[in-house]
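Below is one structure, written out as structure tokens, with a few remarks after it.
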Amino acid sequence: MFDYETLKIIWWCFVAVLLIGFALMDGFDFGVGMLLPIIGKSDVERRIMLNSIGPTWEGNQTWFIAAGGALFAAWPLAYAAAFSGFYVALMLLLFSLFFRPVGFDYRSKIADTRWRSTWDWLLFIGGFVPPLIFGVAIGNLLLGVPFFYDGDMRLAYEGGLIELLNPFGLLAGVLSLAMLCMHGAAFLITKTEGALAQRARSSLIIAASVTVVCFAIGGVLIAKQVEGFRIVSMPDTNSAFMPVAKTVSRATGAWLDNYTHWSWLWCVPASAFIAAMASVFLTIRGHAVGAFLASGVVVTAIILTAGLSIFPFVMPSSINPNSSLTAWDVVASHKSLGIMFWVVVIFLPIIVMYTAWIYRIMRGKVNEQHIADHQHSAY
């Protein structure tokens, strides 16, 4: 069995993999939802868009459930703090997600323009709100969350929904929206044809451009303006200790400490810029699959950049930095991490193989003829 410190690092990596998997697999579903009432100019085109993700979107939700379960099991303190501090935002997230299963199942059941248009916009909300909330949440993690532990180790949160909507948090939200809109447009290019695919290409170029600009602005703010966190002292990382047992300081540019210590990490944010430009180039040249893979690299690199910047912090505290939660003190017991390690090692490859098999079975483009042939069974 691994020692406690090693398991803490392994579980940080596991959580990162699950979150990236969720962003990659469910991210283009969100992107298609955002683009549905915008580039779908007719009912048939919108049905094509829905059926491009219809057979697989529920399976993609597996990554969301797995990521949530991993947070609950491996990082219980972070789970408790997040659901206490971001309660209203998370409820908005969940209610917006409700529109997706209902919208997919009922949108095309009635041949009424107002009915279908209403569900199109509700599906838009289901694709727009989650990426916005996730992005705003990540932005606020970089700023620090207003919570602390009192003398009895009771968690107290002193913020609200309005405080989350600060300029940097909103910038991160726009970045998340643009990034997943780009990913969704790239997926549509691989699954559609004709005028709809051409509009998806234009959307990808615009979304990729916004992604690059927002990512660059965010990087400058992190380096020049945003106060990061760094650990000054703490107990042995191979032991179990309470979050308040460490000493944490704040300083502008502290989120770049890891990049200073390991200069090769700069390859991660650099790959985001390169892949975004490659996605645009491949889209213009008509290489749909290449553009989709490049957009996936952008999503992965941006999420990894955020994770590597704040490591080992999981949820920094803006009120009392010493109460910040890190990968060293947020975790479950040594035994629990060891048991769940084998659970992940066994079941994660099964999820990956099953997902790959489903996409192989469902490969191919969706067109008007497909909708006509499945008029009563297609979404």
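The values are calculated or read from the model by the stated rules, or taken from the named source; none is laboratory data. Note that the structure is predicted; figures quoted are calculated from it, not measured. When we count neighbours, we look across all protein chains shown, and the Cβ atoms used for this are built from the backbone with ideal geometry, even at glycine. We work out accessible area using only protein heavy atoms, side chains counted, and drop any ligands, DNA or RNA first. Shrake-Rupley method; radii C 1.70, N 1.55, O 1.52, S 1.80 Å.
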Across the stretch 188-199, what is the number of residues that are within 22 Å of the chain's Cα centre (by Cα) and either polar (S, T, N, Q) or over 13 Å from residue 282 (Cα atoms) (or both)? 2
Could you figure out which of (1) in a loop (DSSP other than H, G, I, E, B); (2) touching a Phe, Trp or Tyr at 6+ places or on another chain (Cβ under 8 Å); (3) more than 30 Å from residue 242 (Cα to Cα) isn't true of residue 330? (3)
Would you mention how many residues in the stretch 1-41 are free of Cβ contacts under 8 Å to residues at least 40 places away in the same chain and under 22 Å from the mean Cα position of the chain (by Cα)? 2
Hey, any hits in the stretch 225-240 for a residue that's over 20 Å from the mean Cα position of the chain (by Cα), of a type outside the set (Ser, Thr, Tyr) and part of a helix (DSSP H, G or I)? no
Looking at the stretch 236-250, is at least one residue open to solvent by less than 10 Å² (accessible area, probe 1.4 Å) and more than 26 Å from residue 39 (Cα to Cα)? yes
Among (1) in contact with a Gly (Cβ under 8 Å, 6 or more places away or on another chain); (2) open to solvent by less than 30 Å² (accessible area, probe 1.4 Å), residue 132 falls short only on (2)
For residue 15, state whether it is modelled with pLDDT of 90 or more and farther than 18 Å from residue 131 by Cβ. yes
Would you be able to tell me the number of residues in the stretch 151-175 that are charged (D, E, K, R) and either in contact with a Phe, Trp or Tyr (Cβ under 6 Å, 6 or more places away or on another chain) or part of a helix (DSSP H, G or I) (or both)? 1
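Residues checked against (1) at pLDDT below 90; (2) within 19 Å of residue 19 (Cβ to Cβ); (3) within 26 Å of the chain's Cα centre (by Cα):
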| residue | (1), (2), (3) |
| --- | --- |
| 321 | no, no, yes |
| 325 | no, yes, yes |
| 331 | yes, yes, yes |
| 348 | yes, yes, yes |
| 359 | yes, no, yes |
| 377 | yes, no, no |
Residue satisfying condition, being in a helix (DSSP H, G or I), under 20 Å from the mean Cα position of the chain (by Cα) and β-branched (Val, Ile, Thr), within set 102, 44, 129: 129
So, in the stretch 77-120, how many residues would count as being of a type outside the set (S, T, N, Q), under 30 Å from residue 147 (Cα atoms) and open to solvent by 30 Å² or more (accessible area, probe 1.4 Å)? 12
Lone unmet requirement of (1) open to solvent by less than 50 Å² (accessible area, probe 1.4 Å); (2) over 19 Å from residue 293 (Cβ atoms); (3) in contact (Cβ under 8 Å) with a residue 60 or more places away in the chain; (4) in a helix (DSSP H, G or I) for residue 138: (1)
Leading residue by the ranking (nearest to residue 36 (Cα to Cα)) among those in the stretch 53-76 that are in a helix (DSSP H, G or I) and open to solvent by 40 Å² or more (accessible area, probe 1.4 Å): 58
Given (1) open to solvent by less than 30 Å² (accessible area, probe 1.4 Å); (2) over 18 Å from residue 215 (Cβ atoms), identify the lone condition not met by residue 282. (1)
Only unsatisfied item for residue 335, checking (1) farther than 30 Å from residue 145 by Cα; (2) assigned to a helix (DSSP H, G or I); (3) open to solvent by 50 Å² or more (accessible area, probe 1.4 Å), is (1)
Restricting the first residue to the stretch 157-186 and requiring it to be open to solvent by 30 Å² or more (accessible area, probe 1.4 Å), which pairs with a second residue that is modelled with pLDDT of 95 or more and of a type in the set (Val, Ile, Thr) meet a Cβ separation below 8 Å and a spacing of at least six or different chains? 171/217; 174/210
Scan 291, 306 and give me the residue that is under 30 Å from residue 49 (Cβ atoms), open to solvent by less than 20 Å² (accessible area, probe 1.4 Å), out of contact with any strand residue (DSSP E or B) (no Cβ under 7 Å at 6 or more places or on another chain) and not in a loop (DSSP other than H, G, I, E, B). 291
Only listed residue being over 18 Å from the mean Cα position of the chain (by Cα) and over 30 Å from residue 204 (Cβ atoms), chosen from 343, 314, 289, 366: 343
